[in-house]
1. Given labels modelled 7 Å from the Cα in the Cβ direction, how far is it in nm from residue 329 to residue 307?
2. Enumerate the residues in segment 197-222 having an amide nitrogen under 20 Å from the point lying 7 Å beyond the Cα of residue 189 toward its Cβ.
3. Using only Cα atoms, locate the centre of segment 149-226 and the centre of segment 340-368, then give the distance between them in Å, rounded to an integer.
4. Could you please state, rounded to a whole Å, how far the C-alpha centre of segment 392-413 is from the C-alpha centre of segment 92-125?
5. Would you please give the FRET efficiency between residue 226 and residue 119, computed as 1/(1 + (r/R0)^6) with r the Cβ-Cβ distance and R0 = 60 Å, to the nearest 0.05?
6. State whether segment 285-414 is rounded, prolate or oblate according to the following rule on the C-alpha gyration tensor (a ≥ b ≥ c being the square roots of its eigenvalues): a/c under 1.5 gives rounded; otherwise a/b larger than b/c gives prolate, and the remaining case gives oblate.
7. At 0.36 nm per residue, and after removing the present C-alpha to C-alpha distance, how many nm does the segment from residue 94 to residue 161 gain when stretched out fully?
8. Take peptides 287-300, 324-337 and line them up by average Cβ neighbours within 10 Å, highest first, as a rough protection proxy.
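Here, each number is a calculation from the coordinates, and none is a lab measurement. Quantities reported herein were computed from a predicted structural model and do not represent experimental measurements. Neighbour counts run over all protein chains shown; Cβ positions are idealised from the backbone, glycine included.
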């Protein structure tokens with residue numbers, strides 16, 4: 001038997017299926033082969049363990065993109081565009097002037113509002129001055145009216161006293177006239193019989209005439225006293241009316257205070273109109289509220305725009321993040337705060353970040369036409385849930401990341 005035939009026989013004896021003892025005998029005769037096989041098996045186990053640990057603690061998806069804010073810039077007032085100070089894709093700082101509108105009409109409106117405010121303030125000042133004047137005048141009028149009523153009442157009492165005295169004198173004169181007229185009648189009878197002298201009769205006639213004159217005078221005095229009392233009563237009524245009018249002084253003061261309050265309210269209203277006109281004038285200059293890049297510029301010089309009309313869009317590149325749509329089966333061990341790495345397709349570089357939040361519903365639920373699963377032919381489809389990943393600061397100083405770029409994020413769940 002040749003040596004080659006012996007080797008072939010040895011391979012056949014040791015390599016047959018199920019011949020474990022032969023394999024062991026072969027490995028004993030070839031220790032280097034045994035050590036190589038052991039080392040290869042160890043390497044395979046180690047690589048498998050490392051690969052399992054590496055891929056088991058991370059979740060990746062290619063359904064992700066850079067996201068950010070897009071702020072539409074619109075005109076807050078209408079007017080004609082007189083200047084556009086920015087161009088497409090231009091970087092601007094907060095406070096930079098973007099668009100200017102013709103402000104002539106708004107300046108005139110502001111001047112008119114300021115004039116109305118000055119007039120309202122003058123009227124309010126006049127109303128404030130009238131309140132103390134009305135208060136003092138009303139108090140003085142009330143005191144004077146009360147004194148007038150007192151004087152009128154005293155005049156009525158005095159007139160009544162004079163009337164009573166005149167009536168008493170009239171009664172006395174009437175009684176004296178009656179007595180003397182009777183004495184004259186008796187004297188006439190006696191003089192006809194010559195029982196008294198003519199001189200005595202003439203004296204009786206004179207006394208009766210004097211008594212009649214006294215009655216007439218007393219009646220005139222009574223009429224005069226009655227007229228005086230009527231005048232006193234009229235004066236009392238007038239004084240009482242003046243007193244009642246004077247007692248309305250608190251109401252008059254309240255009316256003046258209400259006029260003052262109304263004038264003050266008109267001042268505030270005019271101030272609001274002035275502020276509104278000043279704001280409208282300021283709105284003719286459209287400025288950037290944040291840093292960003294100008295996009296979708298549609299405004300041109302000479303164009304007449306309306307309030308609320310979009311002029312351009314401002315994209316602040318300082319605040320961008322990643323929206324990654326992970327499968328629902330990938331979220332078992334995912335939670336906010338976990339470390340993440342984002343690979344950007346455009347530049348082929350990696351960015352560090354962390355999971356900020358996980359959406360409250362799947363992307364399908366937020367679509368315009370959410371799926372209706374209440375049908376007889378339902379097929380289970382793995383859903384995707386948006387996950388927000390924020391990037392660590394300072395990794396994009398040149399603002400290379402733009403909303404809409406495709407990225408591949410990897411979240412380390414362990």
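1. Inter-label distance under the simple model: 5.6 nm.
2. Answer for segment 197-222: 197-209.
3. Centre-to-centre (Cα) distance: 130 Å.
4. Measuring centre to centre over Cα atoms gives 45 Å.
5. That gives a FRET efficiency of 0.50.
6. Verdict is oblate for segment 285-414.
7. Gain on stretching residue 94 to residue 161: 14.5 nm.
8. Going by the mean number of other Cβ atoms within 10 Å, highest first, we get 287-300, 324-337.
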